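Below: the structure, in structure tokens.
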Amino acid sequence: MKQSEQAGKTNAGPLDILIAEDSESNQVLLSLYFGNTDCNLVFAANGEEAVKRFKGGSFDLVLMDIFMPVMDGLAATAAIREFERDQGLAPTPIVAVSANAFAEDRKRSLEVGCTDFLAKPIRKGPLLDFIDRIVEEKIKP
């Protein structure tokens, strides 16, 4: 069985994923992608909402669109990292997601605290495999 068919079924159990994405069509697409997994999705339509939801919840992973209204994904990631430090929490994997796959976008994302970078358009199999890899790296002793 391919790894993507098992996404969300790691040793960590069901995954709680915060998805910061302002495009409703991308939200629907991601909901479909995760439809047959053990993942619980929480959506935020902008960076400010993502930070608020992060502070009020417990997430195994964050998919953070970089270009959003109100507060962009870079500022939201920085705010989440500051909150984690202030609360003494271990860093949650945050994956920057952007249609701009330029080296400088990837670099800026990593500089503010993103764990990794994923370019759009996102395809289901590679996304689920990518999430399995990120989560397995997080739970390794």
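The values are calculated or read from the model by the stated rules, or taken from the named source; none is laboratory data. Source: prediction; values computed, not measured. Cβ: placed from backbone, ideal geometry, glycine included. Neighbour counts: every protein chain shown. These accessible areas exclude ligands, DNA and RNA; they are computed on the full protein's heavy atoms, side chains included. Shrake-Rupley method; radii C 1.70, N 1.55, O 1.52, S 1.80 Å.
Brief remarks follow.
- Residue check: Leu32 meets all listed conditions (1) closer than 22 Å to Asp129 by Cα; (2) of a type in the set (A, V, I, L, M, F, W, C); (3) surrounded by 17 or more Cβ atoms within 10 Å (Cβ to Cβ) but one, namely (3).
- Applying the criterion of being in a strand (DSSP E or B) and open to solvent by less than 50 Å² (accessible area, probe 1.4 Å) to the residues of the stretch 9-21, the residue that is modelled with the lowest pLDDT is Thr10.
- Annotation note: of Glu24, Glu49, the sole residue that is surrounded by fewer than 22 Cβ atoms within 10 Å (Cβ to Cβ) and without any contact (Cβ under 8 Å) to a residue 24 or more places away in the chain is Glu24.
- Looking only at the stretch 102-141, residues that are part of a loop (DSSP other than H, G, I, E, B) and farther than 20 Å from Ser31 by Cα come to 6 in all.
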